[in-house]
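The values are calculated or read from the model by the stated rules, or taken from the named source; none is laboratory data. Given the structure is predicted, the values throughout are model-derived calculations rather than measurements. A quick note on method: Cβ atoms are made from the backbone with ideal geometry, for glycine too, and the neighbour counts reach across all protein chains shown. Ligands, DNA and RNA are excluded from the accessible area calculation, which covers all protein heavy atoms including side chains. Shrake-Rupley method; radii C 1.70, N 1.55, O 1.52, S 1.80 Å.
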Amino acid sequence: MRILSELEPGQARLGTKKLCEVCAEVTEMSGAGIMLMSGEIARGSVCTTNAVSALIEDLQYSLGEGPCVDAHRRGRPVLEPDLAHPDEWRWPAFRGPAVDAGVRGVFGFPLQVGTVRLGALNLYRDRPGPLSDNQHTDAVVMAGVAAESVLLMQAGARPGQLAAELESGADFRYVVHQAAGMVSAQLGINVGQALVRLRAYAFANDRSLTGVAEDVVNRRLRFDDRQAEEGDFPG
């Protein structure tokens, strides 16, 4: 079993890019990504190993569905060994683009320290098939290493700020969170519900979530009655 014996002492402080690469290498996957979440809200991707894993993270962030999202919410691994021909129908919006990108097996493992849930480790490979027992065990351990690393990196940051090690090279889509806050204020709903509204509008209008968020932040798009009175109410 190839797990922590391959890591040098102190490598719990691995940089985020290297951390994702080690997760993919140890588990013998085609790629890996780490997504941070807060409650039900995906905050963004800490790191990815290649273009396909970046797409997987982007799809999950934009659509609010996928293995990482489910693994975080359920607090247990979520495994799909054959995304092209699944036994269980799920992730209708995520599945098609991921398969088109060459994803065949996809596996989400929660990042958790004690009762604190931080997000999820996403692993994918370009051929179908279940994880071996050793791969599953290694993935659980690497998810634990990733969780500890995130906490260690964040420990030195000022309250309310993200650690530089986490922010460097990450994709946290700050404009989306800003837009969700604005929609929350416009509609008198919580931020999680506002993010759902943003995603639904982007999906219904075949637009990127980031593009819709930019329109909200730049006040070209509103979600309240003021815009409805102007004849341009979304949805």
- Note on the structure: Restricted to the stretch 203-235 and to residues being modelled with pLDDT under 85, of a type in the set (A, V, I, L, M) and crowded, with 16+ Cβ neighbours inside 10 Å, the residue nearest to GLU57 (Cα to Cα) is LEU209
- Task: Give just the number: which of (1) buried (at least 24 other Cβ atoms within 10 Å of the Cβ); (2) modelled with pLDDT of 90 or more does VAL46 not satisfy?
- Result: (2)
- Query: What residue, among those in the stretch 66-91 that are charged (D, E, K, R) and under 19 Å from GLN112 (Cα atoms), is least open to solvent (accessible area, probe 1.4 Å)?
  - Reply: ASP70
- Task: Kindly establish whether GLY108 is in contact with an Asp or Glu (Cβ under 9 Å, 6 or more places away or on another chain), open to solvent by less than 40 Å² (accessible area, probe 1.4 Å) and either modelled with pLDDT under 85 or closer than 18 Å to ASP58 by Cα (or both).
- Result: yes
- Report yes if some residue within the stretch 124-138 is surrounded by 14 or more Cβ atoms within 10 Å (Cβ to Cβ), within 17 Å of the chain's Cα centre (by Cα), of a type in the set (A, V, I, L, M) and at pLDDT 65 or above; otherwise report no. no
